[in-house]
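The values are calculated or read from the model by the stated rules, or taken from the named source; none is laboratory data. Computed from a predicted model, the values in this text were never measured in an experiment. As a convention, Cβ positions derive from the backbone with ideal geometry for all residues, glycine included, and neighbour counts pool all protein chains shown.
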Amino acid sequence: MLIVGQQAPDFEAINQDGVSVKLSDFRGHCVVLYCYPKDFTPGCTKEACDFQHALKDLQQLGTVVLGVNLQSPEKHRLFANKYNLHFSLLSDPEGEIVSLYSSWNRWRYFGIWFGAIDRSTFILDDQGKIRRIWRNVNLKTHTEEVLEFLRTLKLLQKNVSPETLFSPRL
C-alpha cells in the first residue's frame, strides 16, 4: 500500500494518441494521477469532464493530469474525442499501474472472483513524491478538493507560512 511521502512508482503506458508516456517525464511538474473504472460510464465521464473543466487552473499550478484504466488506447481516443479531453488517458491492459497504486480491488461473490478499479486519485509533487491520496472519491466535490490541495501545496512550496495561508481574508 502506498503512503504519503514516498516516491511514486514509475511506469510507462500508451495514451489515447498512441504516444508512450512515462511518469518520470513529468518531473518538475505536479501530477494528478487518477485511476477510474471505465470510459463512457456516468461517474467516469463526470470525473473526466470535471478535470477537463479545471484543466486551465491545474495547468496554471504547473500540474499535469493523467487518467488510467484497463481499456485500450482506441477506446480512450473515442472517449477523449467525444468529451473534448485534453490530457492523457493511459491504457493499462494488464493492470500493472493500477496494481502499483493499490487501486485494484478483488472480491468474491458466490465463489466467483471479480475485480475492478477503485476510483482513486494521487497528487504527486514536482519531485515525484506522493503528497495526497484519495480513495473512493466523492465526485461532487473531488475536483475542487484537488485544486484546493494543489493551491495549498504550491503556497507551501514557496515557503508561505501556514498562518498566512489559513488566516481569514479581510
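Could you check, for region 120-131, whether at least one of its residues is more than 19 Å from Gln7 (Cα to Cα) and among the aromatic types (Phe, Trp, Tyr)?
The answer is no; no qualifying residue exists.
Could you grab me the full set of residues in region 112-137 that are part of a loop (DSSP other than H, G, I, E, B) and either in contact with an Asp or Glu (Cβ under 6 Å, 6 or more places away or on another chain) or under 18 Å from Asp39 (Cα atoms) (or both)?
Asp118, Arg119, Asn136, Val137 - these are the residues of region 112-137 that are part of a loop (DSSP other than H, G, I, E, B) and either in contact with an Asp or Glu (Cβ under 6 Å, 6 or more places away or on another chain) or under 18 Å from Asp39 (Cα atoms) (or both).
Sort out which residues of region 1-25 are under 20 Å from Pro73 (Cα atoms) and surrounded by 14 or more Cβ atoms within 10 Å (Cβ to Cβ), and write them in order of number.
Phe11, Ala13, Ile14, Asn15, Gln16, Val21, Leu23, listed by residue number.
State whether the residues of region 60-80 include one that is in contact (Cβ under 8 Å) with a residue 24 or more places away in the chain, more than 16 Å from Ile123 (Cβ to Cβ), touching a Phe, Trp or Tyr at 6+ places or on another chain (Cβ under 7 Å) and surrounded by 12 or more Cβ atoms within 10 Å (Cβ to Cβ).
Yes, there is a match, as at least one residue in region 60-80 is in contact (Cβ under 8 Å) with a residue 24 or more places away in the chain, more than 16 Å from Ile123 (Cβ to Cβ), touching a Phe, Trp or Tyr at 6+ places or on another chain (Cβ under 7 Å) and surrounded by 12 or more Cβ atoms within 10 Å (Cβ to Cβ).
How many residues does region 31-62 contain that are among the β-branched types (Val, Ile, Thr), more than 14 Å from Glu144 (Cβ to Cβ) and touching a helix residue (DSSP H, G or I) at 6+ places or on another chain (Cβ under 8 Å)?
We begin by selecting, within region 31-62, every residue among the β-branched types (Val, Ile, Thr); these are 31-32, 41, 45.
When the remaining residues are screened for being more than 14 Å from Glu144 (Cβ to Cβ), the result is 31, 41, 45.
Those left that are additionally touching a helix residue (DSSP H, G or I) at 6+ places or on another chain (Cβ under 8 Å): 31, 45.
Total meeting the criteria: 2.
May I ask you to list pairs of residues, at least six apart or on different chains, whose Cβ atoms are under 9 Å apart, with the first in region 1-22 being without any contact (Cβ under 8 Å) to a residue 40 or more places away in the chain and the second being among the basic types (Lys, Arg) and surrounded by 10 or more Cβ atoms within 10 Å (Cβ to Cβ)?
Here the result reads Glu12/Lys22, each pair linking region 1-22 to a residue that is among the basic types (Lys, Arg) and surrounded by 10 or more Cβ atoms within 10 Å (Cβ to Cβ).
Can you find even one residue in region 122-137 that is surrounded by 21 or more Cβ atoms within 10 Å (Cβ to Cβ), at pLDDT below 95 and among the aliphatic types (A, V, I, L, M)?
There is no residue in region 122-137 that is surrounded by 21 or more Cβ atoms within 10 Å (Cβ to Cβ), at pLDDT below 95 and among the aliphatic types (A, V, I, L, M).
For region 26-56, which positions are exposed (fewer than 14 other Cβ atoms within 10 Å of the Cβ) and under 19 Å from Tyr83 (Cβ atoms)?
Phe40, Thr41, Pro42, Gly43, His53, Lys56
Which of (1) more than 12 Å from the chain's Cα centre (by Cα); (2) modelled with pLDDT under 95 is the odd one out, the single condition Lys75 does not satisfy?
Status for Lys75: all satisfied but (2).
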